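The values are calculated or read from the model by the stated rules, or taken from the named source; none is laboratory data. Fair warning: this is a prediction, and the values are worked out from it, not measured in the lab. Glycine also receives a Cβ, built like all others from the backbone with ideal geometry; neighbour counts cover every protein chain displayed. Keep in mind that these areas ignore ligands, DNA and RNA; they rest on the heavy atoms of the full protein, side chains included. Shrake-Rupley method; radii C 1.70, N 1.55, O 1.52, S 1.80 Å.
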Amino acid sequence: MARRETCASEAAGTSPGEIRLLPDEALFEGIRAGSEPHFNALYDRYFRRVYGFVLARVRDHADAEELAQESFVAVFRGIAGYSGRSTPLAWIYGIAKNTVNNHRRRQRAQTERADAAGPEALHSTSAEWRSTPLDDFEMRQSLRRMDERLHSVTGWQVEVFWLRHVDDLSIDEIAARLDRSNDAIRSSLYRVKRLLSEGAGGVARAAAARA
């Protein structure tokens with residue numbers, strides 16, 4: 001604990017420009033200490049490479065963006081498990097590969113369930129397709145927590161999220177509309193999605209009860 005507090009204190013006295021010059025290992029140490037600037041530096045350094053790595057496997061630009069961001073969420077969550085036996089970049093690529101593999105498994109499972117259920121399942125009124133009052137309560141509580149998390153980010157960052165996932169605009173289109181760089185848009189999307197993913201467990205469980 002003392003080491004973690006020392007690292008956090010050191011990170012607080014380091015400028016963003018200095019942080020961006022640090023080696024990967026030092027960025028990892030800062031992230032372990034809870035430093036968001038260290039994580040942002042790592043994200044900016046490797047997002048394009050991870051995106052390219054993912055795109056070569058999924059062959060879809062929108063999916064590649066989503067999965068690259070999901071990979072960095074996993075990096076942030078799993079940083080304590082980094083052992084140092086591989087380089088930081090190799091470890092990040094390993095997480096990205098697992099993220100792609102999980103995506104493919106989800107796609108296969110969804111296709112298999114849809115094929116097995118048949119078209120009549122979309123119109124089913126059986127009890128197994130209905131949620132209980134408890135499911136509805138848990139869904140509402142989880143959505144409320146997610147809404148609270150959104151208050152910790154700025155208005156333009158929330159707008160970026162909605163433009164991307166509701167209006168389905170591209171990164172380039174959002175950057176032009178908001179007069180910000182593509183990297184700023186990607187960083188904003190990562191930040192909002194990380195906040196939402198941390199509060200999404202209850203939503204996922206409640207939604208699963210409906211399936």
From Arg140, Arg180, Arg194, which residue is in contact with a Phe, Trp or Tyr (Cβ under 9 Å, 6 or more places away or on another chain), modelled with pLDDT under 80 and of a type outside the set (A, V, I, L, M)? Arg194
Could you tell me how many of the residues in region 153-175 are of a type in the set (S, T, N, Q) and under 19 Å from Asp63 (Cβ atoms)? 1
Out of Ala64, Ala74, Ala96, Ala109, which single residue is over 18 Å from Glu25 (Cα atoms), touching a residue at least 24 places away in the same chain (Cβ under 8 Å) and open to solvent by less than 40 Å² (accessible area, probe 1.4 Å)? Ala96
From the set of residues in region 78-93 that are open to solvent by less than 60 Å² (accessible area, probe 1.4 Å) and among the hydrophobic types (A, V, I, L, M, F, W, C), which is farthest from Gly52 (Cα to Cα)? Ile79
With (1) assigned to a helix (DSSP H, G or I); (2) modelled with pLDDT of 95 or more as the list, and Leu22 as the residue in question, which single condition is left unmet? (1)
In this structure, does Ala74 turn out to be under 12 Å from the mean Cα position of the chain (by Cα), part of a helix (DSSP H, G or I) and at pLDDT 95 or above? no
